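Written below as structure tokens is the structure these notes are about.
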Amino acid sequence: MNAIEVFGREYLNGKEFELAKYLSRILKNPNCIFSGVLISEILPTYSEKRGKSSYTLDPDPIYRPLYYLHMYSDMKHFKENTRIFLINASAHLEGCLLWLTKNPPKFRGTSKKPFGNLVYELFKEGILSDELAKQLLRFNSLFNVPAKHRTAFFQPHSRLDKRTFSCFDASLAFLIMRKLSIELFKILTSKNVSLPHGWKEFDDNWFSPIWCSKNLKTTRTK
């Protein structure tokens, strides 16, 4: 059992951990073409229609990474793009943290550095609890790892080795990110930060076999 799985077992509850396992099976199977739909069902609404175009909701640093999480989860060869998926999971948490600072950025930056210093600063200011800070730092140390391959998409399959995040690693990271983000959303809301949409309640329908079906329209429940 690696450190990522240990984190998942210790931080997630039973249903969340089982969902990570189920999501991993879907993401690694190129025949499951609705993995992106399942991810979108779990994510908060991150965009809105204006005329014929869609626009990311504000605050941009919080909601834009969710768009990319959805986009990369919908790739047929997800297992070769896990690093980019995790970059955006980390970027979402970083966006939440930045919006707890005194001068939050209007738009998402291009930095992909670990956010440990930001967690320490917010903890010292009394904004983050000891427990939440510890779990954020744990996420940061496990998933913001420069030594991991950014992507293996253009490399031989032999490159998909222990230095590449597995689909299960990515699924655990996604569910851990969700749980951490829910806590950060509570703090942001308490500080009167306007968040148009929040995280949805856990839904047992996320375990439905429809996500592996060939025709979602005919099998999806209401």
Residue among LEU69, LEU12 that alone is under 11 Å from the mean Cα position of the chain (by Cα) and surrounded by 17 or more Cβ atoms within 10 Å (Cβ to Cβ)
LEU69
Could you tell me which residue of region 166-190 is modelled with the lowest pLDDT, considering only residues that are hydroxyl-bearing (Ser, Thr, Tyr) and under 20 Å from ILE84 (Cβ atoms)?
SER166
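Report whether or not LEU132 is more than 27 Å from LYS28 (Cβ to Cβ), in contact with an Asp or Glu (Cβ under 6 Å, 6 or more places away or on another chain) and of a type outside the set (Phe, Trp, Tyr). Steps first, please.
Values: more than 27 Å from LYS28 (Cβ to Cβ): yes; in contact with an Asp or Glu (Cβ under 6 Å, 6 or more places away or on another chain): yes; of a type outside the set (Phe, Trp, Tyr): yes.
When the stated conditions are applied, LEU132 passes them.
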Condition set over 17 Å from the mean Cα position of the chain (by Cα) and of a type in the set (A, V, I, L, M, F, W, C), scope region 24-33, selection surrounded by the most Cβ atoms within 10 Å (Cβ to Cβ): answer is CYS32
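For every residue, the table says whether it meets (1) touching a Leu at 6+ places or on another chain (Cβ under 7 Å); (2) farther than 30 Å from SER190 by Cα.
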{"residue": "ILE4", "(1), (2)": "yes, yes"}
{"residue": "THR45", "(1), (2)": "no, no"}
{"residue": "GLY51", "(1), (2)": "no, yes"}
{"residue": "PRO59", "(1), (2)": "no, no"}
If you go through region 115-137 one residue at a time, do you hit one that is modelled with pLDDT of 90 or more, under 16 Å from ALA3 (Cβ atoms) and among the basic types (Lys, Arg)?
yes
For SER35, which of the numbered conditions (1) closer than 14 Å to PHE78 by Cβ; (2) at pLDDT 90 or above fails to hold?
(2)
When you look at LEU100, is it part of a loop (DSSP other than H, G, I, E, B), more than 27 Å from SER35 (Cα to Cα) and at pLDDT 95 or above, yes or no?
yes
Within the set of pairs 6 or more residues apart or between chains, which connect a residue that is on the phi > 0 side of the Ramachandran plot and assigned to a helix (DSSP H, G or I) inside region 128-151 to a residue that is at pLDDT 95 or above and surrounded by 16 or more Cβ atoms within 10 Å (Cβ to Cβ) with Cβ atoms less than 9 Å apart?
none
What residue, among those in region 188-203 that are outside any loop (DSSP other than H, G, I, E, B) and free of Cβ contacts under 8 Å to residues at least 60 places away in the same chain, is surrounded by the fewest Cβ atoms within 10 Å (Cβ to Cβ)?
SER190
First in region 172-185 and farther than 15 Å from ALA133 by Cβ, second anywhere and among the charged types (D, E, K, R) and in a helix (DSSP H, G or I), Cβ under 6 Å, 6 or more apart
LEU175/GLU16
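Matching residues to (1) more than 14 Å from the chain's Cα centre (by Cα); (2) within 15 Å of ALA173 (Cα to Cα); (3) of a type in the set (A, V, I, L, M, F, W, C):
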{"site": "TYR22", "(1), (2), (3)": "yes, yes, no"}
{"site": "GLY51", "(1), (2), (3)": "yes, no, no"}
{"site": "PRO61", "(1), (2), (3)": "no, no, no"}
{"site": "MET75", "(1), (2), (3)": "yes, no, yes"}
{"site": "CYS96", "(1), (2), (3)": "no, no, yes"}
{"site": "PHE123", "(1), (2), (3)": "yes, no, yes"}
Taking only region 5-56 into account, find how many residues are more than 21 Å from GLY198 (Cβ to Cβ), aliphatic (A, V, I, L, M) and not in a helix (DSSP H, G or I).
1
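The values are calculated or read from the model by the stated rules, or taken from the named source; none is laboratory data. Note that the coordinates shown come from a computational prediction; the quantities given were computed from them, not determined experimentally. With ideal geometry, Cβ positions are generated from the backbone for all residues, glycine too; neighbour counts draw on all protein chains shown.
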